[in-house]
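The values are calculated or read from the model by the stated rules, or taken from the named source; none is laboratory data. Note that the structure is a prediction, hence the values are computed from the model and not measured. Note that we place each Cβ from the backbone using ideal geometry, even for glycine, and neighbour counts take in every protein chain shown.
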Amino acid sequence: MLEIQENLTAIKGGLKEGVTLIAVSKTKPVEEILAAYEAGQRDFGENKVQELLWKVDALPKDIRWHLIGGLQTNKVRKIIGKTSLIHSLDRISLAEEIEKRASQKDLVVDTLIEVNIGKEPQKAGILPAELPDFLCYLKEQVHIRVRGLMAIIPQGIEEENRAYFKDMKNLFEALKKEEHERLTMEILSMGMSMDYETAMDEGATMVRIGTAIFGERNKTQGGINNG
């Protein structure tokens, strides 16, 4: 547990001013999350709804939980009011369900739009070309507040990564022209354990780091890496 705290301290010491660290705690036990919590970490990211829900109940109530994995419409009702931020808003059907469930509880749900900046068919996220219509729809929703963008870039060599991060930053800046009460560009969530320093160089305001804090995940867990 001391190693987790040392890793966390080292990473925080290297963050650029204004960058928020999300500790990606998916598949990690309560004891390891508590070690990070005791070192001062309060923002944690989970990929799966069920895992997030039991951790919400098992861990301190001042933790800010981020759903960073894909969200199925049939699970929206379970997490309304449980998250600080949903990072994976990427389609109208999902927005419709969030709006519906949030309206029932009279809540406003903070979200990020997930962008498939690499146009990879196997990945979630809205394509950049589809963003204008999506934004028009989102502007009409009363119970969804978009606070920025998120991306999981294609993994390649550093300069290829940098190009995708630059593309995300350019898109982020362009969308600032679309801002209004419920759609702002405050957060640019990009960069993980292997590339967060490059992401910060290119304008990330939020990074999602798991392995560099907690160590390698159990390989039997599977799933897309998001930290």
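Just to check your reading of the model, which residue among 9, 27 is part of a loop (DSSP other than H, G, I, E, B) and of a type in the set (Ser, Thr, Tyr)? Give the derivation first.
On the way: 9 fails: part of a loop (DSSP other than H, G, I, E, B).
The unique qualifying residue is 27.
Can residue 96 be described as free of Cβ contacts under 8 Å to residues at least 40 places away in the same chain, among the charged types (D, E, K, R), under 30 Å from residue 135 (Cβ atoms) and touching a helix residue (DSSP H, G or I) at 6+ places or on another chain (Cβ under 7 Å)? So that I can check it myself, show each step before the final result.
Working: free of Cβ contacts under 8 Å to residues at least 40 places away in the same chain: yes; among the charged types (D, E, K, R): yes; under 30 Å from residue 135 (Cβ atoms): yes; touching a helix residue (DSSP H, G or I) at 6+ places or on another chain (Cβ under 7 Å): no.
When the stated conditions are applied, residue 96 does not pass them.
Tell me yes or no: at least one residue of region 149-164 is modelled with pLDDT of 95 or more, surrounded by 20 or more Cβ atoms within 10 Å (Cβ to Cβ) and either polar (S, T, N, Q) or part of a strand (DSSP E or B) (or both).
Scanning region 149-164, I find at least one residue that is modelled with pLDDT of 95 or more, surrounded by 20 or more Cβ atoms within 10 Å (Cβ to Cβ) and either polar (S, T, N, Q) or part of a strand (DSSP E or B) (or both), so the answer is yes.
Can you tell me which residues in region 188-204 are surrounded by fewer than 20 Cβ atoms within 10 Å (Cβ to Cβ) and touching a Leu at 6+ places or on another chain (Cβ under 8 Å)?
203 - this is the single residue of region 188-204 that is surrounded by fewer than 20 Cβ atoms within 10 Å (Cβ to Cβ) and touching a Leu at 6+ places or on another chain (Cβ under 8 Å).
Regarding region 104-112, can at least one residue be identified that is in contact (Cβ under 8 Å) with a residue 60 or more places away in the chain, part of a loop (DSSP other than H, G, I, E, B) and crowded, with 20+ Cβ neighbours inside 10 Å?
Checked region 104-112: no residue is in contact (Cβ under 8 Å) with a residue 60 or more places away in the chain, part of a loop (DSSP other than H, G, I, E, B) and crowded, with 20+ Cβ neighbours inside 10 Å.
For region 190-197, state whether one or more residues are free of Cβ contacts under 8 Å to residues at least 60 places away in the same chain and either over 24 Å from residue 83 (Cα atoms) or of a type in the set (Lys, Arg) (or both).
Yes, the conditions are met somewhere in region 190-197.
With in contact with a Leu (Cβ under 8 Å, 6 or more places away or on another chain), without any contact (Cβ under 8 Å) to a residue 40 or more places away in the chain and not β-branched (Val, Ile, Thr) as the only criterion, which of 15, 71 stands out? Explain how you work it out, then say what you get.
Numbers: 15 fails: without any contact (Cβ under 8 Å) to a residue 40 or more places away in the chain.
Step by step, each of 15, 71 is checked, and only 71 is in contact with a Leu (Cβ under 8 Å, 6 or more places away or on another chain), without any contact (Cβ under 8 Å) to a residue 40 or more places away in the chain and not β-branched (Val, Ile, Thr).
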